[in-house]
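The values are calculated or read from the model by the stated rules, or taken from the named source; none is laboratory data. Please read these numbers as outputs of a predicted model, since none were measured by experiment. Here the Cβ positions follow ideal geometry from the backbone for every residue, glycine too, while neighbour counts run over all protein chains shown. These accessible areas exclude ligands, DNA and RNA; they are computed on the full protein's heavy atoms, side chains included. Shrake-Rupley method; radii C 1.70, N 1.55, O 1.52, S 1.80 Å.
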Number of protein chains: 2
Amino acid sequence: MSNSNAGPRRRRGSDQPTLKQVADAAGVSPITVSRALNTPERVNEETRKRVLEAVDQVGYVPNLVAGSLASASSRFIAVIVPSLANAVFIEVIRGLQETFEARGYQILLGNTDYDLDREYQLVRTFLGWSCSALVTAGLRHSDACLGLLGHWDKPIMEVMELGEALDLNVGLDHQEAGRCMARHLLARGHRSIVYVGACLDRDYRAGMRFAGHREVLEAACLDAPLIELDRLGSLEAGAAGLDQVLGGFPGARAIHFANDDLATGALLHAQRLGLRVPGDIAIAGFNGLTLGQHVTPRLTTIQSPRETMGRLAAEQVLRRLDHQPVTQRQQDVGFTLMVGQST
Amino acid sequence: MSNSNAGPRRRRGSDQPTLKQVADAAGVSPITVSRALNTPERVNEETRKRVLEAVDQVGYVPNLVAGSLASASSRFIAVIVPSLANAVFIEVIRGLQETFEARGYQILLGNTDYDLDREYQLVRTFLGWSCSALVTAGLRHSDACLGLLGHWDKPIMEVMELGEALDLNVGLDHQEAGRCMARHLLARGHRSIVYVGACLDRDYRAGMRFAGHREVLEAACLDAPLIELDRLGSLEAGAAGLDQVLGGFPGARAIHFANDDLATGALLHAQRLGLRVPGDIAIAGFNGLTLGQHVTPRLTTIQSPRETMGRLAAEQVLRRLDHQPVTQRQQDVGFTLMVGQST
DNA sequence: TAGAACTATGTTAGCGCTAACATGGTAGCG
DNA sequence: CGCTACCATGTTAGCGCTAACATAGTTCTA
């Protein structure tokens with residue numbers, strides 16, 4: 001038999017005050033409260049004041065979930081990075097977060113662990129949250145992921161590297177950065193140079209830098225040996241890398257490390273071993289982390305403007321969200337060779 | 001006149017496939033699709049298979065916003081930290097994220113910039129998202145914030161420090177850590193010890209460590225001078241701190257820094273100045289960052305298990321969310337004095 | 001063998017908000 | 001004064017999903 005005798009169904013939802021209650025307290029309709037809070041310029045000043053008082057009075061906290069469902073869009077920005085262990089991404093995130101939060105957007109952070117399948121899963125989840133935009137590190141995605149994003153009509157920003165992007169793109173040319181450092185090492189007179197990277201299949205941007213490095217060395221008719229470590233960048237791994245170079249390439253006079261963590265680890269390890277840098281071995285890195293600038297000798301590295309990259313990316317996305325013309329779909333933030341005393 | 005002549009209203013919402021379409025494709029009702037996806041054990045195996053095929057076929061991506069509204073709860077965990085610039089919080093976040101993501105919860109990250117008003121705003125926003133739980137760094141909150149949280153019935157986890165908590169608490173005793181390091185410096189024979197901190201009003205946990213430090217020194221009838229820098233921890237600030245100590249306290253033989261960033265910056269600066277560490281001046285830090293363990297001499301510091309702290313915190317919260325008894329409302333993760341060669 | 005207990009699925013009624021359209025009032029204009 | 005324009009507010013109808021209750025079929029139990 002049907003639910004004929006029973007009283008009303010048990011209530012659902014939380015017991016938080018709702019728009020309706022604010023509306024009753026202010027003597028207006030719910031939609032006026034909604035407008036007073038979201039588009040205050042469309043409500044008479046006096047009404048608005050009355051509404052805001054009512055909000056305080058009943059202790060109203062807007063239910064953003066309901067708002068997002070009704071408007072089919074949330075003020076979330078999905079941000080996907082490969083790792084939180086790497087200071088580089090943290091700095092980009094900081095640039096993004098500051099810019100987006102100032103405009104009332106909330107960042108939804110996802111971490112792929114350098115796994116494109118995880119990226120796909122994250123994108124799925126984030127689409128489910130009706131995000132306003134997606135910012136992701138890198139230009140490589142799985143086919144499944146591309147399938148999802150192909151149907152999506154909100155801004156997509158790819159950061160870190162430059163190239164053929166889905167939509168918007170802010171980054172730098174890693175291959176050129178690799179060339180730049182290789183040329184520097186050649187200019188310093190080094191002829192036996194080893195490149196040391198870590199997991200270049202996953203950290204493929206380091207692989208692109210190696211490609212640039214090799215191109216320059218081969219153009220100078222030199223070998224471009226590569227040592228690939230099996231752990232991602234860390235001081236420990238860098239120390240191990242130095243040991244491998246000393247063992248495997250006794251004639252090596254310079255090491256081009258894939259990043260500053262490795263390079264600094266090697267530099268500090270060299271000191272412990274009593275090696276002179278750059279006298280016995282020159283060491284170069286990539287990233288321009290603070291750390292490398294505070295060791296003696298100061299590390300030669302390539303600085304990239306990461307917080308700026310995050311900020312610029314956020315600004316382009318915001319422009320798109322404001323329906324303003326996007327000035328540049330692709331933006332090169334460049335890099336700077338910082339010559340220290342380690343080369 | 002009313003909308004009598006017009007056809008149906010223009011459609012709203014996105015054009016993504018919905019549960020209904022999956023249900024039609026699979027020949028079941030929408031609720032069965034919902035169950036097949038969210039509580040598969042409540043659906044017949046064969047039906048489930050048919051539903052999953054239909055999901056793939058129509059390219060369905062669940063609308064999590066709608067789900068959250070209907071169920072009055074999202075799978076969001078709000079995480080509030082004072083800063084992303086400090087590696088310490090990043091590590092805690094990593095521990096939280098790994099544990100929560102493995103269980104299908106998504107982290108909503110907020111950054112207060114050490115401002116309790118910002119914390120209140122973030123809490124408001126996060127409550128609006130129907131988060132499943134809140135994890136926040138620290139035990140200090142504004143009255144407005146306490147007002148909001150007082151009415152809230154979901155788990156609240158306060159991390160980093162130990163004390164009188166709102167609900168759950170995982171952390172360590174900072175005052176005791178300060179005492180511990182002070183005792184170590186005394187045991188090393190130092191009598192003229194300066195504490196150097198940065199913005200102790202905002203980074204009040206460093207202030208608590210100083211309180212412990214002072215307590216021990218005063219018990220030994222020694223002065224406990226304090227130098228407070230106006231920038232938060234960084235290698236640069238540490239170098240400046242060393243200069244200030246050398247200028248202001250020429251007799252100082254040891255410096256207890258509020259954190260490893262400062263201490264390492266000072267240590268590297270001392271080397272540039274040609275000072276022997278610890279011969280001319282001893283240097284101690286706090287945090288046990290990798291960095292300090294790779295300089296020569298190795299930094300004496302106090303290690304706290306931050307990633308573990310994040311993991312433990314997440315596990316307690318998950319236990320609560322699973323309606324399992326919480327084993328400990330308060331958990332002390334402790335700390336370890338790591339004696340290097342810098343003292 | 002009646003009925004309790006359980007399994008698998010369906011029906012109904014919202015969750016709290018906002019887009020779209022409607023309406024009444026005031027101002028501007030020739 | 002009739003017209004359009006605009007401003008401030010209201011009414012209606014969902015957004016896409018799931019909690020609560022309903023129901024039909026099956027198995028178990030005394």
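Observations, loosely collected:
- C-alpha long axis of helix A:204-219 to longest principal axis of chain A, angle in °: 30 degrees
- Separation of the stretch A:124-178 from the stretch B:206-255 is 47 Å, based on Cα centroids.
- Angle of helix A:306-321 to the longest C-alpha principal axis of chain A, folded into 0 to 90 degrees and rounded to 10: 40°.
- Three-way shape call for the stretch A:174-303 based on the alpha-carbon gyration tensor, with the a/c threshold at 1.5: rounded
- 5 Å binning of all Cα-Cα separations within the stretch A:19-62, expressed as whole percents from 0 upward: 6, 30, 40, 21, 4
- Distant-in-sequence amide contacts of B:G334, defined by a placed amide H-H separation under 5 Å and a gap of 5 or more residues or a different chain, comprise B:D173.
- When Rg and the Kirkwood radius Rh are both evaluated on Cα atoms of the stretch A:71-114, their ratio Rg/Rh stands at 1.03.
- Counting every C-alpha pair in chain A, the share spaced more than 28 angstrom apart comes to 54%.
- Taken about its Cα centre, the protein assembly as shown carries a charge dipole of about 920 debye when Lys and Arg each add +1 at the Cβ and Asp and Glu each add -1 at the Cβ.
- Cross-link partners of A:K20 among lysines, defined as those whose alpha carbon lies under 20 angstrom from its own and excluding same-chain residues fewer than eight positions apart: A:K49.
- Interface between chains B and A: roughly 4300 Å² of accessible area buried, both sides summed (probe 1.4 Å, protein heavy atoms only).
- Relative packing of A:216-226, A:131-141, A:314-324, A:64-74, which averages over residues the other C-beta atoms within 10 Å, highest first: A:131-141, A:64-74, A:314-324, A:216-226
- Gaussian network model of chain B, Cα within-10 Å springs - most flexible of B:A165, B:A144, B:A206: B:A144
- A:H213 contributes an accessible area of around 0 Å² to the protein surface, as traced by a 1.4 Å probe with all chains present.
- Backbone amide hydrogens, once placed in the peptide plane, bring B:W129 within less than 5 Å of A:L64, excluding anything fewer than 5 places away on its chain.
- Solvent-accessible heavy-atom area per residue, rounded to whole Å², over chain B at 1.4 Å: 44 Å²
- Under the convention that each Lys and Arg Cβ holds +1 and each Asp and Glu Cβ holds -1, the size of the dipole of the stretch B:19-62 around its Cα centre is about 120 debye.
- Applied to the stretch B:29-38, the Karplus parametrisation 6.51 cos²θ - 1.76 cosθ + 1.60 on θ = phi - 60° returns per-residue 3J(HN,Hα) values of 8, x, 5, 5, 4, 3, 5, 4, 8, 9 Hz, with x for Gly and Pro.
- Most mobile listed residue (B:H294, B:H151, B:H184) in chain B, GNM with C-alpha springs under 10 Å: B:H151
- Other-chain or far-sequence residues with amide H under 5 Å of B:V135's (modelled H): B:A78, B:V79, B:I80, B:M157
- Shielding of peptide B:285-296 by partners, expressed as the average count of other chain Cβ atoms within 10 Å per residue Cβ, is 4.
- Protein heavy-atom surface of the stretch A:19-62, 1.4 angstrom probe: 46% of the accessible area is carbon and sulfur, with nucleic acids and ligands not counted.
- For the stretch B:231-246, Karplus couplings with θ = phi - 60° (6.51, -1.76, 1.60), whole Hz, Gly/Pro x: 10, 5, x, 6, 4, 4, 4, x, 4, 4, x, 4, 4, 5, 5, 4
- Per residue, the convex hull spanned by the alpha carbons of the stretch B:228-343 comes to 112 Å³.
- Dividing the Cα radius of gyration of the protein assembly as shown by its Kirkwood radius returns 1.01 for Rg/Rh.
- Shielding by partners, peptide B:59-71 (average Cβ within 10 angstrom, other chains): 6
- Candidates B:D15, B:D260, B:D24, ranked by Gaussian network fluctuation over chain B, Cα under 10 Å, top entry: B:D15
- Per residue of peptide A:74-87, the mean number of Cβ atoms on other chains within 10 Å of the residue Cβ is 2.
- Summarised in one figure, the compactness ratio Rg/Rh of the stretch B:49-208, Cα atoms and Kirkwood Rh, is 1.12.
- Karplus (6.51, -1.76, 1.60) ³J(HN,Hα), θ = phi - 60°, over the stretch B:329-341, in Hz, Gly and Pro reported as x: 6, 10, 9, 9, 8, x, 7, 10, 6, 10, 7, x, 9
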